[in-house]
Each structure stands twice: as structure tokens, then as C-alpha cells.
Amino acid sequence: MLTIYKKVDDKMIVADEIEKGCWVNLCNPNEDEIKTIIEKLELDPDWVRAALDDEESARIESENGSYLIIVDMPIVEAEGKSFLYTTIPLGIIIVDTAIVTVSLKSTPLFTDFADGKIKTFFPHKKTRFLLQLLYRNATRFLQYLKQIDKTSTHIQNDLTKSTKNKELFQLLALEKSLVYFSTSLTSNDMVLDKLKKYDFIKKYDEDIDLIEDVIIENKQAIEMCNIYRDILSGTMDAFASVISNNLNIVMKLLAAITIVMAIPTLIASIWGMNVPMPFETSRYGFLIVAGSSILISALVAYIMHKKKMF
């Protein structure tokens, strides 16, 4: 989808044509939309298509005063009955006429900008817009990391009562999400460090302060991600042991019950043999044998209880 935004009287509106100082947003564009933008803005086709490759790495390229910045942005995808947090590339192309953003999927990252909720956002201030995008991207990483932490805590509460692997698989999915985040944040950090050295960032003091804020926010996200990943990894190991221990307790209980129940069966089997047996002529023989079975079973159960088998 191709959408063109411009600001008129402090209000964001959708324009029909590309104008100087506008913002062009390409979200999972088709070939016609890609060709239109390439022709009208005279863009390098490889730059536009780079962000449409979900395996594209974060980087910066420059050519004849134009810049391509690719960073990873977080998204949430449904996976069965749970969610997987992952990342996709976000391409930002800065040319003299406009600023172009390219992504594979629709993301809430652009919502506040498109709805005009950010009062300090002006599409024609391309450097400022770039840094605001990067800042909100780092902030979104932090938001998703907090969601992962809350989800992990909820699953851990369920794990204390579980003997199944369902919760462990959910934790494994979260750990995989944290690996994606950690890799992407590290790549973004290298891009931000490199971006700080470019002349168009150093042009205004306010932009220098903003890039510092973006770098700090991104590093905070990296630290949080590493902490959560270490905690989650240790938690998975601990709860794997808990589940195994719970299973051992159940098996121990079943084994104890089986032993107690086997005693009357053994005695009944012996007295059921077609050979002479004690009390076979006694009118109270059945009661004696049955009572003896119960007493022996009760004694064995008592001994096992003392040994904490129950």
C-alpha cells in the first residue's frame, strides 16, 4: 500500500501526489507502487526492495546526497494459540524531495505520526523525522520486552502446578523471541553509532541530542533483553527440573499404591491354589485370610508413610 502524507496547518493529511517535503509510506507495496516511487523520486530500485527482504541486515548506505537507513523493528505474530515476537526490516530513504519508509507489514510504529498525534513531527524536517522514528522504534522494543516479561511470569505461575510440557514450549517461544530481539537491537546499535558520525545529523544541536537519546534508549533495550533472556533461560532449566520432580512424585505414589495392592492379591493367589492350605477346613478361614491381608497391607502402608512414600 502506498500512502503519501503531508502537514497542512499543523494537521496531517493524505495527499494524492508526491510533493516536496512529504512523507511516502510503502507498506507491503505491489510492483506498480514500487515502480511509481522509483520513477517519481528517481530512487535506486535496490534501495526500495532491500527492506522488502525479511532477511535484510541493518545498515546505512549513502549516494549523491541520498541516504538509505535499514533497521530492524519489532512485530508480534500469532503462532497457534500464543504469540511470537520477532523483527522485520524497516527501510528509511532520505532524498532531497521527500522521506520514504518501506516495510513488509503494517505496524503501529507509524500510527502516531500518521494520525498527527506527535506535535513536533514535520515531514519536511527529514532528519528530525528519522530520529523520531528510530526513537519510537527503540521504545517499542522496550514495550514488547515488558510484555514478554509479564507473559513469562504468568507462565511460570502455571508451571508450578504442571507436569506437562505445554508451558515449557511457551517459554521456549519467548526465549526465541528474545534471541531475535537481542540480535536486532545489537544490529540497530551499530547503525546508530555509525549514523551519529554523518554530517546531516551534526547539522543541528537538537538532532545531536535526539540521536544521543535514541542510542541510550536502544542500549537500555539491549540490557533489558539480555537480562530477561538470562532469567528466562535459568527459569526454563529450573522448571524443567520441577516438572521432572513432579513426575517422579506421581510415579513414586503410584508405585507405593501398587505395592500395597499387590499384597492382598498375592495372598489370595496363594490360598487359591489347588493344594492343601492352612484354615481350609475352618469356617472362619476366609475371614482369617482376608483380615491377615488387610493387616499386612496396612502395616506396609504405615511403613511407607513413615518413609514418606505417600
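The values are calculated or read from the model by the stated rules, or taken from the named source; none is laboratory data. Predicted, not measured: the structure shown is a model, and the values here were computed from it. Note that we place each Cβ from the backbone using ideal geometry, even for glycine, and neighbour counts take in every protein chain shown.
Observations on the structure shown:
- Within the set 61, 31, the sole residue that is surrounded by 13 or more Cβ atoms within 10 Å (Cβ to Cβ), of a type in the set (D, E, K, R) and assigned by TED's automatic domain parsing to the domain that holds residue 124 turns out to be 61.
- Sole residue being surrounded by 12 or more Cβ atoms within 10 Å (Cβ to Cβ), out of contact with any helix residue (DSSP H, G or I) (no Cβ under 8 Å at 6 or more places or on another chain) and closer than 30 Å to residue 141 by Cα, chosen from 288, 227, 222: 227
- Considering segment 1-25, and only residues there that are in contact (Cβ under 8 Å) with a residue 24 or more places away in the chain, of a type in the set (A, V, I, L, M) and under 22 Å from residue 49 (Cβ atoms), the residue that is surrounded by the fewest Cβ atoms within 10 Å (Cβ to Cβ) turns out to be 1.
- Of the residues in segment 155-177, none is aliphatic (A, V, I, L, M), in a helix (DSSP H, G or I) and at pLDDT 90 or above.
- Among the residues of segment 21-48, those identified as touching a helix residue (DSSP H, G or I) at 6+ places or on another chain (Cβ under 7 Å) and of a type outside the set (A, V, I, L, M, F, W, C) are 25, 45.
Residues are listed down the side, and each one gets a yes or a no for (1) hydroxyl-bearing (Ser, Thr, Tyr); (2) within 30 Å of residue 92 (Cβ to Cβ); (3) in contact (Cβ under 8 Å) with a residue 60 or more places away in the chain:
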position: 187; (1), (2), (3): yes, yes, yes
position: 224; (1), (2), (3): no, yes, yes
position: 237; (1), (2), (3): no, no, no
position: 278; (1), (2), (3): no, no, no
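- Test set (1) aromatic (Phe, Trp, Tyr); (2) part of a helix (DSSP H, G or I); (3) surrounded by 13 or more Cβ atoms within 10 Å (Cβ to Cβ) - residue 279 fails condition number: (2)
- Qualifying residue in segment 81-92 (condition: assigned by TED's automatic domain parsing to the domain that holds residue 199, over 23 Å from residue 192 (Cα atoms) and loosely packed, with under 15 Cβ neighbours inside 10 Å): yes
- All conditions but one from (1) in contact (Cβ under 8 Å) with a residue 60 or more places away in the chain; (2) out of contact with any strand residue (DSSP E or B) (no Cβ under 7 Å at 6 or more places or on another chain); (3) not β-branched (Val, Ile, Thr) apply to residue 202; the one that does not is (1).
- Total residues in segment 98-110, condition of a type in the set (Val, Ile, Thr) and more than 14 Å from residue 129 (Cα to Cα): 2
- For segment 97-152, the tally of residues that are outside any helix (DSSP H, G or I) and among the basic types (Lys, Arg) stands at 4.
- Unique match (being under 30 Å from residue 173 (Cβ atoms), among the hydrophobic types (A, V, I, L, M, F, W, C) and touching a residue at least 40 places away in the same chain (Cβ under 8 Å)) among 78, 51, 98: 51
- Filter result for residue 69 (within 19 Å of residue 198 (Cβ to Cβ), in contact with a Phe, Trp or Tyr (Cβ under 7 Å, 6 or more places away or on another chain) and assigned by TED's automatic domain parsing to the domain that holds residue 12): no
- Criterion (buried (at least 16 other Cβ atoms within 10 Å of the Cβ) and not polar (S, T, N, Q)) met by exactly one of 270, 208, 263: 263
Yes/no matrix, rows are residues, columns are (1) outside any loop (DSSP other than H, G, I, E, B); (2) within 43 Å of the chain's Cα centre (by Cα):
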position: 247; (1), (2): yes, yes
position: 253; (1), (2): yes, yes
position: 257; (1), (2): yes, no
position: 273; (1), (2): no, no
position: 289; (1), (2): yes, no
position: 297; (1), (2): yes, no
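- Residue pairs meeting the criteria (Cβ under 7 Å; at least 6 apart or on separate chains; first touching a residue at least 60 places away in the same chain (Cβ under 8 Å), in segment 105-120; second exposed (fewer than 13 other Cβ atoms within 10 Å of the Cβ) and in a loop (DSSP other than H, G, I, E, B)): 105/28
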